[in-house]
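J.: Here's a structure for you.
The values are calculated or read from the model by the stated rules, or taken from the named source; none is laboratory data. Remember, predicted model here, so these are calculated numbers, not experimental data. Neighbour counts run over all protein chains shown; Cβ positions are idealised from the backbone, glycine included.
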Amino acid sequence: MRPWSLLAVFLALAAAAAAGPVRQGQWQEDAVRDFTRRVAPAGAGADPYNCQPFNFTQRVDHFDRKNMRTFQQRYYLCDALWRNRGPGSREPLFVYFGGEAALDGAFASVFTDQAQAEGGLLLFIEHRYYGKSYPFGPKASYTNEGLRYLTVEQAMADFHAITLAVRKAYNVPRSAKNVGYGGSYSGNVAAYMRLRYPHTFHAVLASSSVVKFLFGTEAWERNKYFSAISIGNSIAEVGGARCKQAVAAAFGALQGPLWRTKDGRAQLATAASLCPGFTLDSWDAVEGLSNFFEGTWWGAFQSLFSGGPDDNPVAQFCSNLAYFPNTPLGVLSAVSNFTRSQDLNNAACIDRQDAQKAYGVDYPRPDIEDDMLPYTYQGCLQGFPTSALLWSAPPSIFGRYSMPPHRFAAWCKRVFGIQRPLQPPRGLLFNQWDYLAAGNIIFSSGGVDPWRPGNVLQTLGDTVPALTSAGASHCMDLDAANSNTLASVNATQALIKAYIRKWVY
Ligand SMILES: *[C@@H]1O[C@H](CO)[C@@H](O)[C@H](O)[C@H]1NC(C)=O
Ligand SMILES: *[C@@H]1O[C@H](CO)[C@@H](O)[C@H](O)[C@H]1NC(C)=O
Ligand SMILES: *[C@@H]1O[C@H](CO)[C@@H](O)[C@H](O)[C@H]1NC(C)=O
């Protein structure tokens, strides 16, 4: 199966319409979700924000003075909305921290909207090792040796250095503050930047951050079951309680006694449309298939409504249930049908490799072209999460699924040669008191986003609000508002802008 990484899934509608889904290899990014939004899609006419691409000569290693190697890091600057550049101006520099995906252009965000109304300069920085910002070229950067400089601390030092350089090059007055923002993994980075570089970043938006999901930490231990539970609740919210119950019964059948007998395995294989040769002959195989099926809802809720109010495959699944026998095995075939249509381009059956439990001995290294390669390395080195690392247990309707740290760690050692895997960034494991002491941090979440349990969900004080957009998915509040934007997201964005206005302008 392909674990979901978070933020790589920003949606550009034009690209979504154009991309014909292909049958996915294990690690391939879902083509429909793999692109970056651009302010001005090719052929759409003039860019009203005047965004230009640039390179910055960046240090490979910020923490070793003797290492003078550099590389070219991509960034984009948009200055058309920066109206008052003179001394005393308070129009901020908005800095987008790129996440675990190529940043092929700037994009229209909640802050391009704010700058449109109130003025500001916009900077978008690609994260090292993604897109074109590789330290040692497109191949050597992704060998185990080449990946050595991929740490969140190095990436944060990059963002800091470019921000200071841009301020200098553009003569941004001292009175104008920097506002940082990011989503998902880079939402973590946004929160971390406020604590680590408080004098540079005056306020930040951490959209759908996953600060509680660093694999192997105490916070992860406490929260690791909640995504599975939350997906079940979201199915009930979107498709009704009966749909949730039906899915629970299907998973009950899949994980129940049937797989222990030859006849039972045959029944399950037929219901789930497994390809010949794929037998549920071990608990690992049962867990792998369960997690693969769960992943379809994960993906659906992570991007629900991103194509507009009708973009709701879960509601469609729930209404399609009527076409399947009203038995646990009947629903299991509906579940398989859903997964094959969403994630396998309507394949007739499911292969063993499609549904193997993640990070076993046969689990491959991601392809070199895939953003999942550097991001999985970040997971191995510092514990940044993918969906396959989170657990399930009743009352989750997906039954049991576990990913013990020793299993993942062994895979990381073998595949990436990391001697001491899963060392969370010690200096960045902040708690609510740290956030409150820093202040000016907005944590925002989507109500049905499976990543939501990894975020800060309770307002810690006036300067650390936690905002939730009901019914919204992952990082939805980052996007500029348009006619498809949910009312709840519009309301969240109004609050975000009001906080920034109060703290910055
Ligand atoms: C940035 O550097 C790369 C590689 O050195 C080069 O191909 C690209 O044209 C440069 N981009 C800009 C905007 O200068
Ligand atoms: C899923 O079920 C629907 C309704 O029965 C059917 O039209 C469709 O062909 C099925 N898709 C797959 C991939 O089996
Ligand atoms: C959200 O705001 C946008 C931009 O103002 C608007 O076009 C859209 O209709 C709003 N959404 C709803 C549900 O009101």
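J.: Among the candidates Ser184, Ser175, Ser133, Ser141, single out the residue that is more than 23 Å from the chain's Cα centre (by Cα) and not charged (D, E, K, R). Step through it out loud before you land on a result.
T.: On the way: Ser184 fails: more than 23 Å from the chain's Cα centre (by Cα); Ser133 fails: more than 23 Å from the chain's Cα centre (by Cα); Ser141 fails: more than 23 Å from the chain's Cα centre (by Cα).
It is Ser175.
J.: For region 218-267, name all the residues that are among the β-branched types (Val, Ile, Thr), closer than 30 Å to Phe430 by Cα and out of contact with any Phe, Trp or Tyr (no Cβ under 7 Å at 6 or more places or on another chain). Break it down into steps so the answer makes sense when it comes.
T.: Of all residues in region 218-267, those among the β-branched types (Val, Ile, Thr) come to 229, 231, 235, 238, 247, 261.
If we keep only those that are closer than 30 Å to Phe430 by Cα as well, we get 229, 231.
Ile229, the sole residue that qualifies.
J.: Might you check whether a residue that is over 15 Å from Val152 (Cβ atoms) and not in a loop (DSSP other than H, G, I, E, B) occurs anywhere in region 420-430?
T.: There is no residue in region 420-430 that is over 15 Å from Val152 (Cβ atoms) and not in a loop (DSSP other than H, G, I, E, B).
J.: Sticking with this one: Select the strands (runs of 3 or more DSSP E) contained entirely in region 47-129, then report the ones holding at least 2 residues which are at pLDDT below 95 and crowded, with 24+ Cβ neighbours inside 10 Å.
T.: On the way: elements: 51-59, 70-78, 93-97, 121-125.
It comes to none.
J.: While we're on this one: Applying the selection to region 342-365, what residues are surrounded by fewer than 22 Cβ atoms within 10 Å (Cβ to Cβ) and either more than 18 Å from Ala271 (Cα to Cα) or within 16 Å of ligand 1 (Cβ to nearest atom) (or both)?
T.: Asn345, Gln353, Gly360, Val361, Asp362, Tyr363, Pro364, Arg365
J.: If you check Ser282, Ser273, which single one turns out to be of a type in the set (Ser, Thr, Tyr), at positive phi and away from ligand 1 (no atom under 16 Å from the Cβ)? Give the steps one after another, and end with the answer.
T.: Values: Ser282 fails: at positive phi.
Among Ser282, Ser273, only Ser273 is of a type in the set (Ser, Thr, Tyr), at positive phi and away from ligand 1 (no atom under 16 Å from the Cβ).
J.: Checking Ala472 against (1) surrounded by fewer than 23 Cβ atoms within 10 Å (Cβ to Cβ); (2) within 12 Å of ligand 3 (Cβ to nearest atom), only one condition comes out false. Which one?
T.: For Ala472, the exception is condition (1).
J.: Which condition from (1) under 26 Å from Tyr129 (Cβ atoms); (2) touching a residue at least 12 places away in the same chain (Cβ under 8 Å); (3) in a loop (DSSP other than H, G, I, E, B) is the one that Glu369 breaks?
T.: Glu369 satisfies all of (1) under 26 Å from Tyr129 (Cβ atoms); (2) touching a residue at least 12 places away in the same chain (Cβ under 8 Å); (3) in a loop (DSSP other than H, G, I, E, B) except (2).
J.: Same structure again: Need pairs with beta-carbon distance below 7 Å; first residue closer than 16 Å to Ala246 by Cα and within region 329-351, second near ligand 2 (Cβ under 8 Å from one of its atoms); sequence gap 6+ or separate chains.
T.: Gly330/Phe324; Val331/Phe324; Ser333/Ser273; Ser333/Phe324; Ala334/Asn320; Ala334/Phe324; Ser336/Ser273
J.: Are any of the residues in region 431-448 among the small types (Gly, Ala, Ser), under 17 Å from Trp220 (Cα atoms) and crowded, with 23+ Cβ neighbours inside 10 Å? Full working, then the answer.
T.: The first filter runs over region 431-448 and keeps only residues among the small types (Gly, Ala, Ser), leaving 437-439, 444-447.
Applying the additional criterion that residues be under 17 Å from Trp220 (Cα atoms) yields none.
Within region 431-448, not a single residue is among the small types (Gly, Ala, Ser), under 17 Å from Trp220 (Cα atoms) and crowded, with 23+ Cβ neighbours inside 10 Å.
J.: Follow-up question, since we're still on this one. Can you name every one of the helices (runs of 4 or more DSSP H) wholly within region 236-324 that holds 2 or more residues which are surrounded by 23 or more Cβ atoms within 10 Å (Cβ to Cβ) and of a type in the set (S, T, N, Q)? Steps first, please.
T.: Working: elements: 241-255, 262-271, 283-302, 313-320.
By residue number, 283-302.
J.: Another question, then. Among the residues of region 394-408, is there at least one that is in contact (Cβ under 8 Å) with a residue 12 or more places away in the chain, more than 25 Å from Ser336 (Cα to Cα) and over 21 Å from the mean Cα position of the chain (by Cα)?
T.: Taking region 394-408 and keeping what is in contact (Cβ under 8 Å) with a residue 12 or more places away in the chain, we get 395-403, 405, 407-408.
Then keep just the ones that are more than 25 Å from Ser336 (Cα to Cα); that gives 405, 407-408.
Imposing the further condition that a residue be over 21 Å from the mean Cα position of the chain (by Cα) reduces the set to 407.
Yes, there is a match, as at least one residue in region 394-408 is in contact (Cβ under 8 Å) with a residue 12 or more places away in the chain, more than 25 Å from Ser336 (Cα to Cα) and over 21 Å from the mean Cα position of the chain (by Cα).
J.: Could you look through region 461-492, keep only residues that are of a type in the set (Gly, Ala, Ser) and free of Cβ contacts under 8 Å to residues at least 60 places away in the same chain, and pick out the one that is nearest to ligand 1 (Cβ to nearest atom)?
T.: Selected residue: Ser483.
J.: Separate question: Of all residues in region 130-169, which are more than 16 Å from Gln72 (Cα to Cα), in contact with a helix residue (DSSP H, G or I) (Cβ under 9 Å, 6 or more places away or on another chain) and either at pLDDT below 95 or surrounded by fewer than 18 Cβ atoms within 10 Å (Cβ to Cβ) (or both)?
T.: The answer is Asn144, Glu153.
J.: What is the residue count in region 338-370 for residues that are within 16 Å of ligand 2 (Cβ to nearest atom) and either among the aliphatic types (A, V, I, L, M) or more than 15 Å from Phe251 (Cβ to Cβ) (or both)? Step through it out loud before you land on a result.
T.: The first filter runs over region 338-370 and keeps only residues within 16 Å of ligand 2 (Cβ to nearest atom), leaving 338-351, 354-355.
Filter once more, so that each one left must be either among the aliphatic types (A, V, I, L, M) or more than 15 Å from Phe251 (Cβ to Cβ) (or both): 340-351, 354-355.
Residues that pass the stated criteria total 14.
J.: Can you give me the number of residues within region 462-496 that are closer than 10 Å to Val110 by Cβ and among the acidic types (Asp, Glu)?
T.: 2
J.: Now a separate question. Inside region 480-505, can you point out the residues that are surrounded by fewer than 16 Cβ atoms within 10 Å (Cβ to Cβ), hydroxyl-bearing (Ser, Thr, Tyr) and in a helix (DSSP H, G or I)?
T.: Across region 480-505, there are no qualifying residues.
J.: Out of the residues in region 329-354 that are β-branched (Val, Ile, Thr) and in a helix (DSSP H, G or I), which is farthest from ligand 3 (Cβ to nearest atom)? It would help to see each step written out before you state the result.
T.: Our first condition is that a residue be β-branched (Val, Ile, Thr); within region 329-354, this holds for 331, 335, 339, 350.
The next check asks that each one be in a helix (DSSP H, G or I); those that pass are 331, 335, 339.
Working: Val331: 33, Val335: 32, Thr339: 31 Å.
Among those residues, the one meeting the criterion is Val331.
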